[in-house]
Protein chains: 2
Amino acid sequence: MGMENVSGSSGRRVKRAGIRDVARLAGVAPMTVSRALSFPHRVSIETREKIAAAIAATGYIPNRVASNLSSNQTMTIGAVIPTLRNSIAADFTEGFSRALKARGYHLLLGNSDFIPEGEETIVAEFLARRVDGVYLTGATHTAKTRKMLRDNAIPTVEIASLPEDPIDMAVGFSNFDAAYEVTRMLAEQGYRRVALFTTFTKDNERQVERQAGYRAAVRDFGLDTDPRFVAELEMDLKAAGRQLRVLVGERPDVDALFCTGDFIAAGALFEAQRLGIRVPDDLAIAGFEGLEIAENLNPSLTTVRIPRFEIGSRAGTMLLDRIAGKDVEQRVVDMGFEIIKRGSTATPATLRRETAS
Amino acid sequence: MGMENVSGSSGRRVKRAGIRDVARLAGVAPMTVSRALSFPHRVSIETREKIAAAIAATGYIPNRVASNLSSNQTMTIGAVIPTLRNSIAADFTEGFSRALKARGYHLLLGNSDFIPEGEETIVAEFLARRVDGVYLTGATHTAKTRKMLRDNAIPTVEIASLPEDPIDMAVGFSNFDAAYEVTRMLAEQGYRRVALFTTFTKDNERQVERQAGYRAAVRDFGLDTDPRFVAELEMDLKAAGRQLRVLVGERPDVDALFCTGDFIAAGALFEAQRLGIRVPDDLAIAGFEGLEIAENLNPSLTTVRIPRFEIGSRAGTMLLDRIAGKDVEQRVVDMGFEIIKRGSTATPATLRRETAS
DNA sequence: CTATTGAATGTTACCGGTACCATCAAAGGC
DNA sequence: GCCTTTGATGGTACCGGTAACATTCAATAG
């Protein structure tokens, strides 16, 4: 009793010191040891020192599992990410993770692979593990996921969108507006035949929204609506290159290309270079996300800067505040975006000529 | 008893069903419910169905925290990653995470920010949470980290290097050999003044090894040893561009540049384009990691392909085998690397001329 | 027909902490 | 000087499962 089993490398079982062992050695009650660790100032200095000595002597490592069970909180947040191989999700998570660390919380991670049913399984497991809160990427979830989280009153934050009906809280930006504004900017710069490359829109409302924003602007500004101007492709540089060849094959007169991801845009830009298509003179290219690479490309890439890290860390503080019982005034927080105009979408040559004359 | 507290959104406390509630409703003993969930075939079909009905009726969600405490295993692996904002670490982790998922294990994540003391804190927390195994990035750890893991006999796997004295197990490749081979290849192609850009080597034995491999090859093949050929910089495209300007300012005759990261190489390549330095005619550039972007650049980038995903997943299966008590024959697994020659390091113009004559 | 066996199920105690309440001595108030 | 308050510590039960062992009973063997 008071000693945990440890499977030693030699195969024999060793007992690990427990709080009762520490207490005995320090000549105090187990409860006092517990207090010394959780609320040091509630214990006298001498006792604290005796306990510290006993802990050092026994090599005691507190058992958070037992502590979690007893105190009914795990100091753990469950996070569902589509995949880590995705800079933007990684940045959200990084910001989030830092906010947690600052308050002693830890991150349990699950990959959904962009599949809502996968997310559902992970969330169920999170609930079984009694996480104190849940972080979800995006706003597309199964009905069961939503119900589980709500019925169990789990503080939850959804990242990257602005859902109309959040499960609990959300931090993000308007994907629709951002795409609309990029398209408007292109229209105002004089481009008329603007193509769109998005990644797959299935179960990904962010891409859906971006596509919708683009379409709305195309309509509002009277741009060319050829359906061949819109393509969904894998999040892959090579796929972007391939699709660019298709596009210029079908519509050689395309004058601008909006990609809902900077890597897609980079892939298209590289392919354009290979094809001898001058950017932006023959074709303007705009990206999305504001990754570091965008400003280093030649020409530098016009893009939408998303406050990725900030969204993550804001989500973290909101979630922890909620867990701590503080009132969260605003359930859906819009962190905005910023269009960064760069060389890849300079005013087109035709316009320049007109302006010059 | 048998009911857990749930803090309802309305503030009132609701009792959550426990295994005893399910048992009562199904008319069986709690133990039978536990068995029905863990070893269904050990329970008769009728009983199983009664229990399933009771679970559905109560909305029972098993409490893994209690289960973990009682069974003394958490089905959790703790992973320390320097940062998620790093494609290569993300790929390792992704492969690892998939291997875990296949066997029902979950991932607890901690960021060390490349600081060994940060890692130490995280590992201590992992031990307190009684993770079943630990995943560490790299082979640079504090003495205390090593001691904690060994004394507690925690199955551990170190990723990305081939440590001489692994804490327990390791999966990686020889960073030294890879860098040596790239440098040799450049030497054999006729380059004599080969520069090196690495990221910071402090507490990062992978970069140290790569730099050492480069230096060994420089020596073995009689290349120019000007110390100004070696630079350590941030993992940042812009920093690479800046450093390239410094380099060509100091040594305009540099004929090749080896970067120990593909993004660094890309940054250098973009800057070269801006400076009017032709690649590979004026300057050859080689990268490291084998990221997707490498093959899409213009010219496409020579690089070292690391089996990132495979390293992660192999590490996962090794760790779980070890936890399952299977013997792991090989403690340090070398997953190799592959040099991919592409356009950015074609034979230099001077050599081409000679060859042609 | 009784002993043996094994599948299905039950009983009990325990995993290692902490919530909650009790106790007790010293300090402070009037 | 007596009562209340405060700080330090202790005792006990309990968190919600499961390990280990016990029990029951029908099927099979001898």
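Only helices (runs of 4 or more DSSP H) wholly contained in region A:40-123 count here; list those with 2 or more residues that are closer than 25 Å to residue B:93 by Cα.
It comes to A:64-71, A:87-102.
Per-residue answers, yes or no, for (1) part of a helix (DSSP H, G or I); (2) of a type in the set (Val, Ile, Thr); (3) outside the structural domain of residue A:286 (by TED's automatic domain parsing):
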site: A:183; (1), (2), (3): yes, yes, no
site: A:186; (1), (2), (3): yes, no, no
site: A:191; (1), (2), (3): no, no, no
site: A:197; (1), (2), (3): no, no, no
site: A:201; (1), (2), (3): no, yes, no
site: A:206; (1), (2), (3): yes, no, no
site: A:209; (1), (2), (3): yes, no, no
site: A:212; (1), (2), (3): yes, no, no
site: A:218; (1), (2), (3): yes, yes, no
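I'd like the full set of residues that are open to solvent by less than 20 Å² (accessible area, probe 1.4 Å) and of a type outside the set (S, T, N, Q), limited to region A:140-153.
Selection gives A:149 alone.
Which of the residues that make up region A:154-174 are under 30 Å from residue A:284 (Cα atoms), touching a Leu at 6+ places or on another chain (Cβ under 8 Å) and open to solvent by less than 10 Å² (accessible area, probe 1.4 Å)?
Filtering region A:154-174 down to residues under 30 Å from residue A:284 (Cα atoms) leaves A:160-162, A:172-174.
Going one step further and asking which of them are touching a Leu at 6+ places or on another chain (Cβ under 8 Å), we end up with A:172-174.
Correct list: A:172, A:173.
Which of the residues that make up region A:37-49 are free of Cβ contacts under 8 Å to residues at least 24 places away in the same chain and near DNA strand C (Cβ under 9 Å from one of its atoms)?
A:38, A:39
Give the residue, chosen from B:84, B:69, B:100, B:109, that is within 9 Å of chain A (Cβ to nearest Cβ), more than 30 Å from residue B:201 (Cβ to Cβ) and not hydroxyl-bearing (Ser, Thr, Tyr). Walk me through it before giving the result.
Numbers: B:84 fails: more than 30 Å from residue B:201 (Cβ to Cβ); B:100 fails: within 9 Å of chain A (Cβ to nearest Cβ); B:109 fails: more than 30 Å from residue B:201 (Cβ to Cβ).
That would be B:69, the only listed residue that is within 9 Å of chain A (Cβ to nearest Cβ), more than 30 Å from residue B:201 (Cβ to Cβ) and not hydroxyl-bearing (Ser, Thr, Tyr).
Give region A:30-43 a look and list any residue that's modelled with pLDDT of 95 or more, near DNA strand D (Cβ under 7 Å from one of its atoms) and open to solvent by 50 Å² or more (accessible area, probe 1.4 Å), or say none.
Hits for region A:30-43 are A:30, A:31, A:35.
How about region A:240-288: which of its residues are among the basic types (Lys, Arg) and without any contact (Cβ under 8 Å) to a residue 40 or more places away in the chain?
Quick first cut of region A:240-288, residues among the basic types (Lys, Arg) only: A:242, A:245, A:251, A:274, A:278.
Once the filter is applied, which keeps residues that are among the basic types (Lys, Arg) and without any contact (Cβ under 8 Å) to a residue 40 or more places away in the chain, region A:240-288 yields A:242, A:245, A:274, A:278.
Residue check: is residue A:119 open to solvent by less than 50 Å² (accessible area, probe 1.4 Å), more than 16 Å from DNA strand C (Cβ to nearest atom), touching a residue at least 24 places away in the same chain (Cβ under 8 Å) and more than 9 Å from chain B (Cβ to nearest Cβ)?
When the stated conditions are applied, residue A:119 passes them.
Quick one: count up the residues across region A:274-289 that are part of a loop (DSSP other than H, G, I, E, B), touching a helix residue (DSSP H, G or I) at 6+ places or on another chain (Cβ under 7 Å) and not aliphatic (A, V, I, L, M).
Count: 4.
If you go through region B:11-29, how many residues are open to solvent by 40 Å² or more (accessible area, probe 1.4 Å), within 12 Å of DNA strand D (Cβ to nearest atom) and charged (D, E, K, R)?
4
Exactly one condition in (1) surrounded by fewer than 24 Cβ atoms within 10 Å (Cβ to Cβ); (2) more than 14 Å from chain B (Cβ to nearest Cβ); (3) over 24 Å from the mean Cα position of the chain (by Cα) is false for residue A:270; which is it?
It is condition (2) that residue A:270 fails.
Kindly establish whether residue A:48 is within 9 Å of DNA strand D (Cβ to nearest atom) and within 22 Å of residue B:121 (Cβ to Cβ). Walk me through how you get there before you give the answer.
Details: within 9 Å of DNA strand D (Cβ to nearest atom): yes; within 22 Å of residue B:121 (Cβ to Cβ): yes.
When the stated conditions are applied, residue A:48 passes them.
So in region A:315-344, with the set limited to residues that are in contact with a helix residue (DSSP H, G or I) (Cβ under 8 Å, 6 or more places away or on another chain) and not hydrophobic (A, V, I, L, M, F, W, C), which one is farthest from residue A:261 (Cα to Cα)?
A:317
Before we move on, is residue A:354 at pLDDT below 95 and open to solvent by 20 Å² or more (accessible area, probe 1.4 Å)?
Spelling it out, residue A:354 is indeed at pLDDT below 95 and open to solvent by 20 Å² or more (accessible area, probe 1.4 Å).
Which members of region A:223-258 meet the condition of being β-branched (Val, Ile, Thr) and assigned to a helix (DSSP H, G or I)? Spell out how you get there, then give the answer.
Of the residues in region A:223-258, the ones β-branched (Val, Ile, Thr) are A:225, A:230, A:246, A:248, A:254.
Selection gives A:246, A:248.
What is the residue count in region B:63-81 for residues that are touching a residue at least 24 places away in the same chain (Cβ under 8 Å), of a type outside the set (Gly, Ala, Ser) and crowded, with 19+ Cβ neighbours inside 10 Å?
7
Output the residues belonging to region A:11-31 that are more than 9 Å from DNA strand C (Cβ to nearest atom) and more than 13 Å from every other protein chain (Cβ to nearest Cβ).
Those that are more than 9 Å from DNA strand C (Cβ to nearest atom) and more than 13 Å from every other protein chain (Cβ to nearest Cβ): A:24, A:25, A:26, A:27, A:28.
Taking residue A:149 as meeting all but one of (1) assigned to a loop (DSSP other than H, G, I, E, B); (2) touching a strand residue (DSSP E or B) at 6+ places or on another chain (Cβ under 7 Å), write down the number of the exception.
Here residue A:149 meets the rest and fails (1).
The values are calculated or read from the model by the stated rules, or taken from the named source; none is laboratory data. Treat the numbers as computed from the prediction; the structure is a model and nothing was measured. Using ideal geometry, Cβ is built from the backbone for each residue, glycine included, and neighbour counts are taken over all protein chains shown. Just the protein is used for accessible areas: all its heavy atoms, side chains included, with ligands, DNA and RNA removed. Shrake-Rupley method; radii C 1.70, N 1.55, O 1.52, S 1.80 Å.
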